[in-house]
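Worksheet: the structure to be examined is printed underneath.
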Amino acid sequence: MSHEARTSSITVMLFLLESSRAGAEVMATDGINFRYPSYVQDILGPMCFDYGFGPFRWVCTSADPDDLKTTDQIALNVLKDLQNTAYPEIQQQLGDNIKWIEQADQNKLVVGSQARILYADAIGRIRIAKAFNLAVRNGELSAPIVLGRDHHDVSGTDSPYRETSNIYDGSKFTADMAIHNVIGDSFRGATWVSIHNGGGVGWGEVINGGFGLLLDGSEDADRKLENMLFYDVNNGIARRAWARNDTARQAIEVELARTKSLKVTLANRVETVAINQIFEEYGD
């Protein structure tokens, strides 16, 4: 997603939020959601975040454009390999990002100082990061790489009007996921972590957890990246699956089958009519 598109979406959500506070008729009949769904609710949430795809970033500390080109090719090779065995529901996401990274250099899509960004899930981030770390170790890259991600991601942010707006069980108004992430990342290998407020939709409306991870070519970095990136993404997928998001449920079941050491308690699906009946009978 381009910076301009994201900025536009932020403006729209802030406009709706402030309009509702001013008494404008912009709320849905439930009094909780907006009458006009955000792009996260209808598109990005179910198509990307629930499957674990979010903005994975890296920075070439050498500030050398040749290093950036090398990382582009490494990432491209990994994504093409993953596409060969990916389940059908994520083929489009991989295809879109393959096209993105193939054309990134010619379109001058440099973010910051010789940095790049693409959407990747947990296995994609881990395999790309491992390949980067190996390239640093063997001299293919001239200096370390620093990993990060946007707050506009799978699990680093609690934002009921944007990032977590497609969570409908009522818990989107809590701020636990970002805290879990920043604490979990801190002892799973992150070089630094941050917890901050206000990014995207305004102060008091969002909690963001962030990280940075240095890839210096060491075996220790291999261990840290696998441990931390796996948790950073799957914490959010599990959270979304608990909220009964079908796409997230599928994604976490795929990961449970792939990673036997992962333990996630899966939520039982209950019909809404049964829940309503319980409240009607025992609500008082």
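Values for this structure:
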item	result
Length added when fully stretched, LYS263-ALA24, from 0.36 nm per residue minus Cα-Cα	81.5 nm
Distance in nm between pseudo-label sites at PHE173 and ILE43 (7 Å out along the Cβ direction from Cα)	2.8
Between segment 101-121 and segment 252-284, the Cα center-to-center distance that results, in Å	38
Cα-based radius of gyration of the chain once divided by 2.2 N^0.38 Å, which approximates compact folds	1.05
Choice from GLN41, GLN103, GLN114 with maximal GNM fluctuation in the chain (Cα, 10 Å cutoff)	GLN103
Exposure rank, largest accessible area first [ARG57, ARG162, ARG137, ARG269; 1.4 Å]	ARG269, ARG137, ARG57, ARG162
Solvent-accessible area per residue, Å², over segment 16-75 with all protein chains present [probe radius 1.4 Å]	45
Å² per residue, accessible surface of segment 144-284 at 1.4 Å	48
5 Å binning of all Cα-Cα separations within segment 79-206, expressed as whole percents from 0 upward	2, 8, 15, 17, 19, 18, 13, 6, 2, 0
Farthest toward positive dipole pole in the chain [+1 Lys/Arg, -1 Asp/Glu at C-beta], among TYR282, TYR161, TYR36	TYR161
Net charge of Cβ neighbours under 12 Å - reference TRP100; Lys, Arg +1; Asp, Glu -1	-2
Longest segment of the chain lacking GluC sites (Glu not before Pro) that sit in a DSSP loop with at most 12 other Cβ atoms within 10 Å	26-270
The chain - charge dipole about Cα centre, Lys and Arg +1 at Cβ, Asp and Glu -1, debye rounded to 20	440
Summed residue charge, Cβ within 14 Å of PHE34's Cβ, Lys/Arg positive, Asp/Glu negative	-1
Percentage, to the nearest whole number, of Cα pairs in segment 152-284 over 26 Å apart	33
Backbone HN-Hα couplings from phi across segment 134-150 [Karplus 6.51/-1.76/1.60, Hz, Gly and Pro as x]	5, 5, 5, 5, 8, x, 5, 10, 7, 7, x, 10, 10, 9, x, 7, 6
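The values are calculated or read from the model by the stated rules, or taken from the named source; none is laboratory data. A quick note: this is a predicted structure, and the numbers were derived from the prediction, not measured. As a convention, Cβ positions derive from the backbone with ideal geometry for all residues, glycine included, and neighbour counts pool all protein chains shown. Areas reflect the complete protein model, heavy atoms only, side chains present, ligands, DNA and RNA absent. Shrake-Rupley method; radii C 1.70, N 1.55, O 1.52, S 1.80 Å.
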